[in-house]
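Report on the structure given below.
The values are calculated or read from the model by the stated rules, or taken from the named source; none is laboratory data. All of these numbers come straight from a predicted model, not from anything done at the bench. Note that we place each Cβ from the backbone using ideal geometry, even for glycine, and neighbour counts take in every protein chain shown. These accessible areas exclude ligands, DNA and RNA; they are computed on the full protein's heavy atoms, side chains included. Shrake-Rupley method; radii C 1.70, N 1.55, O 1.52, S 1.80 Å.
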Amino acid sequence: MTEKPGSAPRESPQRSWRAVVRAWGPPGNERLTTSVGLVLLALLAVETLTTLSLHSYLPVHIFLGLLLLPPLALKLASTGWRFVRYYTGNEPYRLEGPPRLPLRLLAPLLVASTLSLFGSGVALIVVGHGGGLLLGLHAVSFGVWGMLMIVHVLAYLSRTLRVGSADWRRRAEPAVGGVRSRRAALSGVLLAGVIVALATYPAQRSWLSHRREHRHNEGLARSGGRNATTAPRRSGILA
């Protein structure tokens, strides 16, 4: 059957099915994972730099930490999807193959430390300003997460830099369907992160204010204790 002049050529069902597979299969999953990974790499680098002087940059540290929650959720979802599809025997993912064994062994620890780090950070804001056990958990989680993240970044940096921006380039090769969906997903989580950070800004300011007040009171208590212990000595000398 010949096509009418001027009509667009119809895409065959087999070709359309292949486009869907590439969009939501390993190629599309890699594009989404690396694109959100590229954004996280930049944001987490700034977040880590704030820890060098938390006294000065604690407000920025908290704001960025809350902004990072939706992008992190998307990253965990995309990598989790690949994990589930591979271990449930999906053929395209099985043909793609698993990550290298050392990275597979580190992955559960990285996920656990990430959840512990950001979960304890959110809990610190919700529960109170004193710190204690939560603050210790947050600090330990950051140390473990930092070491694992260095290995993770070194292992995937070249691929992330090469593939991560493909959906945002005009003539990226090879072409992978689902570009608009992946762009929308990444833009959506970034917008959601900004909304979360702005919506909780009053709570952030309140937490910082209570923290300053708590530390001020602790300082006064220590100062009062020192004065109380030195007062008898002074009176004895004067006598």
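Being surrounded by fewer than 13 Cβ atoms within 10 Å (Cβ to Cβ) and assigned to a helix (DSSP H, G or I) is the filter here; which residues of the range 131-146 pass it?
LEU133, GLY136, GLY143
Here is the figure for the range 75-98: residues that are open to solvent by 40 Å² or more (accessible area, probe 1.4 Å) and among the polar types (S, T, N, Q) total 2.
For the structure I just gave you, tell me whether ARG31 is modelled with pLDDT under 55 and either in contact with a strand residue (DSSP E or B) (Cβ under 6 Å, 6 or more places away or on another chain) or of a type in the set (D, E, K, R) (or both). No. LEU72: closer than 17 Å to LEU43 by Cβ, surrounded by 15 or more Cβ atoms within 10 Å (Cβ to Cβ) and of a type outside the set (Lys, Arg), yes or no? Yes, satisfied. Exactly one residue among LEU106, LEU41 is open to solvent by 50 Å² or more (accessible area, probe 1.4 Å) and either under 27 Å from ALA197 (Cα atoms) or modelled with pLDDT of 95 or more (or both), and that residue is LEU41.
Evaluated against (1) open to solvent by 50 Å² or more (accessible area, probe 1.4 Å); (2) in a helix (DSSP H, G or I), PHE118 falls short on exactly one condition, (1).
If you go through the range 190-204 and pick out every residue that is in contact (Cβ under 8 Å) with a residue 40 or more places away in the chain, open to solvent by 40 Å² or more (accessible area, probe 1.4 Å) and not aromatic (Phe, Trp, Tyr), you end up with 5.
Residues in the range 160-189 that are assigned to a loop (DSSP other than H, G, I, E, B) and of a type in the set (A, V, I, L, M) were compared, and the one that is surrounded by the most Cβ atoms within 10 Å (Cβ to Cβ) is VAL176.
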